[in-house]
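All remarks here apply to the structure that follows.
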Amino acid sequence: MDECLHGHQCEQPYLTEQRTDQADRSQWPARLLYINPNEDNDGNHVRVVNTTESCPKFMTLSHCWGKSRRTLQDKDKTKKESLHQRELSIPIKTLCRNFQDAIEITRRLGVEYLWIDALCIIQDDAEDWDRESVKMGFIYQNSVLTISANLKDDGSGGCFNKRSVPHDLLPMKVRENIKVRSIQITTEKSGGQTSTLLFHYERQSSDPAPLKASPLEDRGWIFQERVLSPRTIHFTPSQVVWECREMYKLEDMLPNPVPGHKGTRSALIGQRRRAALDVVDYWYREIVCSDYSRRIFTVPADRLVAIAGLARAWQPIIGDEYIAGIWRSSMAFGLCWIRDQSRTLVLAAAERRYPTWTWASHDGFVAWWPSHANFEADQRFRFHGESLQHRNQRAASLFSVDGGFIRIEGCVSELTVRSPPDKPEVGASLSGRAAKLFIDDVYPDVFAQLPVCLPVVAMGHSSDTRHWIRTYLLVLKFLASQALSCERIGFAFVDFETEDERAEFWGGVETQQILLF
């Protein structure tokens, strides 16, 4: 930790000193745990304190509540009725193992304050949750150190394992994507004895092996907490792993070189990562597609909330407006997501979250075709604005969207579907040209009678090395409530042999304005 604090450029948190200026106050956590062992005689109690006048340096805990919010017991949560007592004293031994160990680690490192969401946010107060959830990105970004409790997917695991496991004894399923290399140097001494040096290293394309086996690796909220924290200490089932924006360091001390093209996970927003980088493409393909969208959420509607802090940090990098998971200047590309084609459709359209056009409306992995660099928005596509409903008005543009619409304009045609959509790729046609349709969810009302004609909007085009021209289409269905009002039900593409053929076809298609819900 000292090496990182004094020798690295890991973008020190700006709340390392006490602040009293109003500009910073809105970003303070409202409460912290005061864990100074000298405050009481036995050091067995902590208490909740308010940060009304100042915000000292603090550490944070990243953990999993369990399979549902109810898994964490009431004794481990602050509620309205218990707030006053928790401001007086909390016996440490009454808390779950994760919290007990986090308090011990924080004390050992000489930090007097710790932020734990369950204890520092009033869990049965919707207003307090709205107010504090807006700050979560700032809280982790300005933490001195984040403790990641990785032993179990609930509060019972704690941070300390009984016995550490070196790399070479990890399960094969964890090590299968890691390429191990070693160099052996043997010398012979004058007395005939030999001495051997063995240099061991790994060529990796992602995280260290102990983190791959972590129970938190697939949890949704954990992603943002890890990326935004300037430094994290992971207590995994096999061993302790240090991560900051410059390096990983493992308990077994085996070298763990950081892949040059990726860096550590917490280096996603580092200055050195952004040189010669298509940051828009990186957002969609590396952040959302490769990692975040595959994660699991106890509350699926949190998919936008749990990445809001990262979006806020990414906003000045992209220099654009963020609208429900999509950047305004790349709206045409951002709307061209497809669901995981290997996943069986089980979600009925009636259960789908709104708005339907954002990738966050869909549970599970999503991807974009093609890359942003190879995508050219249709010349007649226009984004005219949005009218959205937000769960949390304190950060409306960043946080959860649960209604409203965007107004788009583009070339509108009809896609004909003649076969039931019971396969990932559905055969369809556009004015006699073969097309591929990828539906988002189950729509029995739409495909009850075949063939069926569905409205499509041309979003953009790309070319391939085989010299065909592909047009990407947003597949819609009209809503009865309002003229030219639609919701998204899928994504499709159609190929043309030449650019002239493509231009001639779309040149004869009229544009329309559509309200997309």
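So the values come out like this:
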read-out: Tally, over the range 317-332, of residues that are more than 14 Å from Arg382 (Cβ to Cβ), open to solvent by less than 10 Å² (accessible area, probe 1.4 Å) and not hydroxyl-bearing (Ser, Thr, Tyr); value: 5
read-out: Filtered residues of the range 352-381 (kept if open to solvent by 60 Å² or more (accessible area, probe 1.4 Å) and either of a type in the set (Asp, Glu) or touching a residue at least 60 places away in the same chain (Cβ under 8 Å) (or both)); value: Tyr354, Phe365, Trp369, Ala373, Asn374, Glu376, Arg380
read-out: Residues of the range 116-127 that turn out to be under 16 Å from Gly155 (Cβ atoms) and touching a Leu at 6+ places or on another chain (Cβ under 7 Å), as a count; value: 4
read-out: Pick from the range 73-110, criterion part of a helix (DSSP H, G or I) and of a type in the set (Gly, Ala, Ser), ranking: surrounded by the fewest Cβ atoms within 10 Å (Cβ to Cβ); value: Ser82
read-out: Qualifying position, being at pLDDT 90 or above and within 27 Å of Arg219 (Cβ to Cβ), among Arg47, Arg31; value: Arg31
read-out: Boolean, Thr60 is assigned to a helix (DSSP H, G or I), β-branched (Val, Ile, Thr) and in contact with an Asp or Glu (Cβ under 9 Å, 6 or more places away or on another chain); value: no
read-out: Unmet requirement for Trp65, which otherwise passes all of (1) over 19 Å from Leu151 (Cα atoms); (2) open to solvent by 20 Å² or more (accessible area, probe 1.4 Å); value: (1)
read-out: Test result for Leu114, out of contact with any Cys (no Cβ under 7 Å at 6 or more places or on another chain) and either at pLDDT 95 or above or under 21 Å from Asp76 (Cα atoms) (or both); value: yes
read-out: All positions within the range 79-103 that are polar (S, T, N, Q) and touching a residue at least 12 places away in the same chain (Cβ under 8 Å); value: Ser89, Thr94, Asn98, Gln100
read-out: Some residue of the range 129-136 being out of contact with any helix residue (DSSP H, G or I) (no Cβ under 9 Å at 6 or more places or on another chain), hydrophobic (A, V, I, L, M, F, W, C) and under 23 Å from Leu228 (Cβ atoms); value: yes
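The values are calculated or read from the model by the stated rules, or taken from the named source; none is laboratory data. Note that the structure is predicted; figures quoted are calculated from it, not measured. Virtual Cβ from ideal backbone geometry, glycine too; neighbours counted across all protein chains shown. Surface areas here come from the heavy atoms of the whole protein model, side chains and all, with no ligands, DNA or RNA. Shrake-Rupley method; radii C 1.70, N 1.55, O 1.52, S 1.80 Å.
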